[in-house]
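A short write-up of the structure that comes next.
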Amino acid sequence: PVNLSLIIFLREDIFALMEQYFPERDKLQISRISWDDEEILLRVIEERIRGDDNVDIWAKYFCKTVNQQKVKEFIVSNIIPRPRDIITLVKQALGNAVSRKHVLIEEKDLIDALVEYSKFALDTLITELVPAYTDIRKFLYELSAESEILKRSELEEAMQNVGIMDENRDELIKMLCKMSFLGVEIKNNIFAFSYNEDQFRKYDAIARKNIARNNITDCRYKIHKAFHVELMIEA
């Protein structure tokens, strides 16, 4: 006999699709890795670069500020909080620094890396949505150069412009919220982004209560900063 334990790691969106078929969800032994904790997310980079050396990688390899923000704040505030996203941004910045023969990752290296990362984030979103919405790329580019805060009527107008049918619009907006492209307004000028299914359910319920409580006829959404550069969004 062998004592065996099995651990399965799943992406949040894949787990959410499977979850609906579980007959007794309360009996599942699950743990979520919360990447929206900034310290945990930054450790992904720290552990990759530090190796066996007990050094402060941010002081040794990175500039102190970017656009007057502390470098760590700049990184986490401009990405979807996922390991692949922070790795993509920092890896591109490191490549820029090496190509330019910089002794550390400088401000320009990170700013230029953000351009490539934002394109990566948008391409990833499109790849995941295009099987269900063939016009998703046209729709997202329809939002280019708009304000980061949009009314639902403005989103629907952009959908109409690219031929997305009325019956598909509610579901598309819901998917864009689930995939962190859009954040919902939960209080006046306070927007919340969902990074897992439970967060989406909670923020969606709060947003609906906010709409009912304040008699809002045209609810608002906010485009995540990760997509601002590629879509030339006005903050």
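The values are calculated or read from the model by the stated rules, or taken from the named source; none is laboratory data. Values in this document were obtained by computation on a predicted structure and should not be read as measured data. Don't worry about glycine lacking a Cβ; one is built from the backbone with ideal geometry, like all the others, and counts go over all protein chains shown. Keep in mind that these areas ignore ligands, DNA and RNA; they rest on the heavy atoms of the full protein, side chains included. Shrake-Rupley method; radii C 1.70, N 1.55, O 1.52, S 1.80 Å.
Computed values, structure above
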| read-out | value |
| --- | --- |
| Looking only at the range 133-150, and only at residues there that are of a type in the set (Ser, Thr, Tyr) and not in a strand (DSSP E or B), the one that is most open to solvent (accessible area, probe 1.4 Å) | Thr134 |
| The range 164-173, residues that are in contact (Cβ under 8 Å) with a residue 12 or more places away in the chain and open to solvent by 20 Å² or more (accessible area, probe 1.4 Å) | Asn168, Arg169 |
| Residue that is most open to solvent (accessible area, probe 1.4 Å) [pool: residues in the range 67-87 that are under 13 Å from the mean Cα position of the chain (by Cα) and β-branched (Val, Ile, Thr)] | Val76 |
| Matching residues in the range 23-52 - criterion: being over 20 Å from Ile8 (Cα atoms), open to solvent by 90 Å² or more (accessible area, probe 1.4 Å) and either polar (S, T, N, Q) or assigned to a loop (DSSP other than H, G, I, E, B) (or both) | Asp52 |
| Criterion (over 20 Å from Leu17 (Cβ atoms) and surrounded by fewer than 19 Cβ atoms within 10 Å (Cβ to Cβ)) met by exactly one of Arg220, Arg201, Arg208 | Arg208 |
| Residue list for the range 97-125, restricted to those being surrounded by fewer than 15 Cβ atoms within 10 Å (Cβ to Cβ) and closer than 30 Å to Met175 by Cβ | Val115, Lys119, Asp123 |
| Subset tally (residues that are of a type outside the set (A, V, I, L, M, F, W, C), open to solvent by less than 40 Å² (accessible area, probe 1.4 Å) and not in a strand (DSSP E or B)) for the range 177-198 | 4 |
| Residue check for Ser153: assigned to a helix (DSSP H, G or I) and open to solvent by less than 70 Å² (accessible area, probe 1.4 Å) | yes |
